Amino acid sequence: MTKKTADPQKNKEEPSSPAIGLVLELEYMLFPGRQLMFKSFSSVLNSQQINLDQAAFSRYCLHRAVEKNLQDLLPALGKKEIAADALAAKIKKQFEASLNDPANHAAPGLPAFLKKAVESNFKIGLLSFLPEENAKELMKRLPPELNACLLVMKKEADDLPTPDSWLSLLKTMEIVPRCALAVVDGNPACKSALAVGMGCVVVPDSFTNWQDFSGADLVAENISDLKMNEITALLSTAHFRKRAK
């Protein structure tokens with residue numbers, strides 16, 4: 001009688017699919033940080049009889065370093081005699097108060113979009129450059145089912161996020177760059193995401209819609225335009241090969 005041997009193919013475990021992630025900035029994508037910063041700049045400068053319009057803000061004030069923005073902006077407005085440091089302190093204080101205001105909610109449509117992503121087995125990662133206590137307060141306003149991974153970076157730079165910021169977040173999430181998509185609203189974040197090998201989806205706001213988003217996998221007008229099947233397809237093997245060429 002012949003003894004049956006087990007089929008090794010049947011005993012072999014199916015290889016698990018790699019984890020996939022969706023990453024974005026907490027205060028400048030999930031929450032309307034840039035709009036609040038524009039209001040803070042406008043309010044403080046108005047107290048100095050300086051009128052700031054959206055075009056000037058978009059041209060000179062999109063860096064994260066408020067002092068750097070003022071150094072570029074004030075001479076352009078013919079106000080180079082005004083000390084930037086004192087104004088910067090007031091702008092930062094007003095911005096922080098606006099961001100911490102309970103009336104400040106997440107950008108319309110984004111929490112619902114992220115919930116759909118979680119249902120599609122995405123891990124959610126959030127990057128912040130706020131003081132840690134402020135970032136955690138914003139996190140309390142998000143649906144708990146997002147179970148998002150927050151990484152607070154203590155980093156000074158003109159253009160944030162930097163490539164190593166994204167890499168640090170992905171390492172914390174245990175996700176490799178090619179299995180992650182960054183959802184961003186501006187050119188520096190797009191470039192730094194692409195630089196580390198992530199895919200990138202751009203939803204520009206009224207301050208950044210003039211910027212160059214070359215290399216982005218997708219550029220959408222509104223969050224509502226993002227379809228989960230299209231987002232998932234951006235992490236397919238075929239799309240990855242296309243990106244890598």
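The values are calculated or read from the model by the stated rules, or taken from the named source; none is laboratory data. Remember, predicted model here, so these are calculated numbers, not experimental data. Note: ideal-geometry Cβ built from the backbone for every residue, glycine included; neighbour counts use all protein chains shown.
Structural remarks
- In segment 132-159, the residues that are more than 19 Å from residue 110 (Cβ to Cβ) reach residues that are at pLDDT below 95 and assigned to a loop (DSSP other than H, G, I, E, B) with C-beta atoms within less than 6 angstrom, at least six apart or across chains, in these pairs: 153/129; 158/63; 158/65.
- Count of residues meeting criterion [surrounded by fewer than 19 Cβ atoms within 10 Å (Cβ to Cβ) and out of contact with any Gly (no Cβ under 9 Å at 6 or more places or on another chain)] in segment 197-212: 5
- If you go through segment 21-55 and keep only what is assigned to a strand (DSSP E or B) and β-branched (Val, Ile, Thr), you end up with just 23.
- Residue 169 being out of contact with any strand residue (DSSP E or B) (no Cβ under 6 Å at 6 or more places or on another chain), hydrophobic (A, V, I, L, M, F, W, C) and surrounded by 16 or more Cβ atoms within 10 Å (Cβ to Cβ): no
- Residue in segment 82-89 that is within 28 Å of residue 136 (Cβ to Cβ) and crowded, with 17+ Cβ neighbours inside 10 Å present: yes
- Residue match in segment 33-41 (condition: in contact with a helix residue (DSSP H, G or I) (Cβ under 6 Å, 6 or more places away or on another chain), hydroxyl-bearing (Ser, Thr, Tyr), crowded, with 18+ Cβ neighbours inside 10 Å and modelled with pLDDT of 95 or more): yes
- Checking 114, 150, 127, 138 one by one, the residue that is buried (at least 17 other Cβ atoms within 10 Å of the Cβ), among the aliphatic types (A, V, I, L, M), closer than 13 Å to residue 23 by Cα and touching an Asp or Glu at 6+ places or on another chain (Cβ under 7 Å) is 127 and no other.
- Once segment 181-192 is narrowed to residues that are under 18 Å from residue 124 (Cβ atoms) and touching a helix residue (DSSP H, G or I) at 6+ places or on another chain (Cβ under 6 Å), the residue that is surrounded by the fewest Cβ atoms within 10 Å (Cβ to Cβ) is 185.
- Among the residues of segment 62-71, those that are within 19 Å of residue 28 (Cβ to Cβ) and either outside any loop (DSSP other than H, G, I, E, B) or modelled with pLDDT of 95 or more (or both) comprise 66, 67, 68, 69, 70.
- Just one of the listed residues (87, 99) is aliphatic (A, V, I, L, M), in contact (Cβ under 8 Å) with a residue 40 or more places away in the chain and under 30 Å from residue 227 (Cα atoms), namely 99.
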